[in-house]
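Since the structure comes first, as structure tokens, the remarks are kept for the end.
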Amino acid sequence: QPMSDSDESGVMVEHKDASVVEGDSKPDPPGDDPPELTDESALPPTPKGDDGSPSQADTAWQVVSIGTEEDEYAFTFHEDPWNKILNQVPPGWKVAVVSVVGAFRTGKSFLLTWFLKYMYALEKAQKEGKSLNDEETPWFKEFDSLGNEGFEWKAGSDRNTTGIWMWNRPFFLHKAQGENLAVLLVDTQGMFDHKTTMNLTAAIFGLSTLLSSYQVYNVVKQIQEDNLQQLALFCEYARNAMDQSDCERKPFQKIDFLVRDWQNFDDDEHTIEQMEQQMSEYLAQVIDVRETAAKDLKETREQIQVCFEDIGCYGFSHPGFAVTKKKYAGEVSELEDLFMTLLDRYCRRVFDPATLQPKQIHDRELTSVELGSYIKAYAKSFTSGEKFPAAATLLDATAAANNANAITLAFARYKDDMDLIAGPKCSNHVQTKELEEEHERALMMATREFKSIANFGSKKSIEISQRKLSEQIESQWQVYQSLNESRNPLAGLETYMVPVVVAAVAYVVGTILDITCSPYAHVCKKSSEFLHHSWTVVICFLIIVAATKAKQMQQLWQKFQAAFEIMMDKPKKD
């Protein structure tokens, strides 16, 4: 079947991953399991195509599906593909999530496929130490056709994307000052497709918003009032959550209204910079509270502004009439020059390493592990799309995930500090008093780390989490004490000291008897012979043990030396 990026009305449409059979609620991710990167200095995976295009293993994985045979409102979070994607992020790297939302059949997947092309080109350029500005040929002219290697798109009036999909590998960007950032791309089910309830649509939109650090709201021709009302619908939760917390920061970061088929551009009269200025002025008119007199319109805009730190707007001209035909298969040459110029500018704007920010929750930039904790907690709140979760439910989920992350990071801080002193890789014994002092210092730093993160939610839940942390640290402290005691040079010496002392006493007493005994003292001589035989047997036994356990005897000798040094060092300290 020939594929097109538009339906009969010329509106760009979205994808359905060909690797997953329609109706499967839990698809198996295709290809081999992605590798886990454990070395922070590890280089990110290299694109397979010569032009930086996706390999055959690169595709979209479904992380949220909706509806089952038993429950048409079921909202299922697929943890396995989610974990496999996040496991590819090196430890400690921050994560940015770029998602696209909007009504169905507005070209979200077509846009995301262009995002993919740009990100492969950008990642390849950074690996080669270049800039996309240095290339003689623009990145979007490196291929003849957009193809269907990304988020699949095609013509038609029926929905294709259901639930939430994520590209199955992160993109890795190097920011200024040596910072690294992993970027995830997310596609969502189109809203208002005549098959999905309003509550289920709000749940999909809501989880996408909770997940994203940069959200693109795809609209057609202009920003309609219903677009603002739909956005404000979910923002009502955010405002309620803010009223219950001490955090002054707005809950969500960045959102762009991307206006497709913007009809007010005139490339004969305006430069690109003037067009972009026109977009900013248009947004100010639409979103500015002072421009609207009606109370309900003001409230809609206030809800949006109080929930997003940064609200932007960008417009694309019509891509050209060629894309309205069903035989269009993604040929780049068929697209209008102005559309491609604006697309290039917008891709650079969204994915600029200097400005793209990692996902933040309560002023904390998240790593992949932390992000995973939050999303899993949120997903549990959306167990059914029949009823949108209350703000308090999502607030509790946020607090629970935040406290769990605080425990994990604080405990990791304690272990990192103590591993340097008495960890498995250490070989020297530490004096008990010194070890206790290091434990108290590490405990204090871990507690400080916990309190700096666990600053959201009820006081009772924070106290419970802190007790859990204390229990984990106490258990680990006992492990460090055992490890340190095993390295004590004085430990276990009694096993060898007893026969040595017996042999020494037998030798000394036997020697004394030899000197003092009369030649006619039969008992004295027998006693002397017995003692000589005793210390000889003990010495022979120790020699045999030393011969069969050379390595252990070497360690024993080192223990003797260390013990001697400790005993000699004590008087000096006194």
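General remarks:
- In order along region 508-517, phi translates into HN-Hα couplings of 5, 5, x, 5, 4, 5, 4, 6, 9, 6 Hz, rounded to whole numbers, per the Karplus curve 6.51 cos²θ - 1.76 cosθ + 1.60 with θ = phi - 60° and x for Gly and Pro.
- Modelled FRET efficiency - R0 35 Å, Cys540 with Lys425, Cβ distances, 0.05 increments: 0.35
- Put a dot 7 Å past the Cα of Gln263, heading toward its Cβ, do the same for Glu436, and the two dots end up 8.2 nm apart.
- Measuring between alpha carbons in the structure, the pairs from Lys254/Lys359; Lys84/Lys108; Lys127/Lys175; Lys84/Lys141; Lys415/Lys451; Lys84/Lys376 lying more than 21 angstrom apart are Lys84/Lys108; Lys84/Lys141.
- Projecting the Cα positions of Ala354, Ala329, Ile375 onto the charge dipole of region 328-376 (unit charges on Cβ atoms of Lys, Arg, Asp and Glu, taken about the Cα centre) puts Ile375 furthest along the positive direction.
- Using a simple spin-label model with pseudo-atoms 7 Å out from Cα toward Cβ, Asp226 and Gln285 lie 2.2 nm apart.
- Which of Ile453, Leu435, Pro424, positive extreme of dipole for region 421-465 (C-beta unit charges): Ile453
- What the phi angles of region 415-428 give under the Karplus curve with 6.51, -1.76 and 1.60, with θ = phi - 60°, is a coupling list of 5, 4, 5, 6, 4, 6, 9, 9, x, x, 8, 7, 10, 8 Hz, glycine and proline written as x.
- For Ala96, the residues 5 or more places off, or on other chains, whose built amide H falls under 5 Å of its own are Ala182, Val183, Leu184, Lys359.
- Close amide-amide hydrogen proximity is noted between Asn218 and Val101, Gly102, Leu258, each under 5 Å apart and 5 or more residues distant or on a separate chain (H modeled in the peptide plane; Pro and chain starts excluded).
- Our estimate of slack between Ser145 and Glu331, defined as 0.36 nm per intervening residue step minus the Cα-Cα distance, is 66.5 nm.
- Distances between placed amide hydrogens fall under 5 Å for Gln88 paired with no residue 5 or more residues away or on another chain.
- Computed extension gain for Arg487 through Leu297, at 0.36 nm per residue and net of the alpha carbon distance, reaches 61.2 nm.
- Stretched out straight at 0.36 nm per residue, the stretch from Ala412 to Ser475 would grow longer than its current Cα-Cα span by 21.3 nm.
Every number here is computed from the coordinates shown, using simple stated rules; none is lab data. Bear in mind the structure is a predicted one, so any value in this text is a computation, not a measurement. Ideal geometry is used to build each Cβ from the backbone, glycine not excepted, and the neighbour counts take in all protein chains shown.
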